[in-house]
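The values are calculated or read from the model by the stated rules, or taken from the named source; none is laboratory data. As the structure is a prediction and not an experimental result, all values here were calculated from the model. Cβ coordinates were reconstructed from backbone atoms using ideal geometry, including for glycine residues, and neighbour counts include every protein chain displayed. What goes into the accessible areas is simple: the full protein's heavy atoms, side chains included, and nothing from ligands, DNA or RNA. Shrake-Rupley method; radii C 1.70, N 1.55, O 1.52, S 1.80 Å.
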Amino acid sequence: MLEKGEDIVEREDFDKVRESVRSQCGSRVVIQLDRGRNKVDIQQGVIQEAYPSVFTILVDDTETSPSQLLSFSYTDIITKEIRMKLC
């Protein structure tokens, strides 16, 4: 069971991640997506919008697929489901 202090730390982490993403809107990023079973996708895109619970990234088109708008939760970053790096 979570202690009262642990819940506050998680909220602070969430708020820090959200503010960091919000400040980088319009920036080009490389994202590494953990797809499970040792499968990892690496794509480039631009952070489009930051909402209270999620943010969106417009992923560049490739030879096999057109541009896509992907959405992620800030929790995905905290749990390392995705990793982002500025280009």
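So how much slack lies between LEU70 and ARG37, counting 0.36 nm per residue of separation and subtracting their Cα-Cα distance, in nm?
Working: separation 33, 0.36 × 33 = 11.88 nm, distance 2.11 nm.
That pair, LEU70 and ARG37, stretches by 9.8 nm at full extension.
Among (1) -0.33, -0.59; (2) -0.45, -0.75; (3) -0.39, -0.66, which is the computed log10 I(q)/I(0) by the Debye sum over Cα atoms at q = 0.12, 0.16 Å⁻¹?
(3)
For LEU69, what is the net charge nearby, where nearby means another residue's Cβ is under 14 Å from its Cβ and Lys, Arg count +1, Asp, Glu -1? Before the final figure, lay out each step's value.
Working: positive: none; negative: GLU49, ASP60, ASP61.
Spelling it out: positives minus negatives among the neighbours equals -3.
Whenever you get a sec, compute what percent of the accessible area on the chain sits on carbon and sulfur atoms (1.4 Å probe). List each step's numbers first, then the result.
Values: 3070 of 6370 Å².
With neighbouring chains kept in place, the figure for the chain is 48 percent.
Within a Cβ distance under 13 Å of ARG28, other residues only, what is the Lys/Arg minus Asp/Glu net charge? Write down the numbers at each step before the final one.
Working: positive: LYS85; negative: ASP60.
Residues near ARG28 contribute 0 overall.
Can you tell which of GLU19, GLU49, GLU63 shows the greatest fluctuation in a Gaussian network model of the chain with Cα springs below 10 Å?
GLU63
Angle, helix 4-23 long axis vs. longest principal axis of the chain, Cα atoms, 0 to 90°, nearest 10?
Value to nearest ten degrees: 30.
Sticking with the crude label model, points 7 Å out along Cα→Cβ, report the distance from ARG22 to GLU81 in nm, one decimal please.
Going from the ARG22 label point to the GLU81 one covers 2.1 nm.
Name the residue farthest towards the positive end of the dipole of the chain from the options VAL29, SER71, PHE55, assuming +1 on Cβ of Lys and Arg, -1 on Cβ of Asp and Glu, about the Cα centre.
VAL29
Given Cα pairs under 8 Å that are at least 6 residues apart, what percent is the relative contact order of the chain? Intermediate values should be presented prior to the final figure.
Numbers: 132 pairs, mean separation 24.3, N = 87.
Worked out over the chain, it gives 28 percent.
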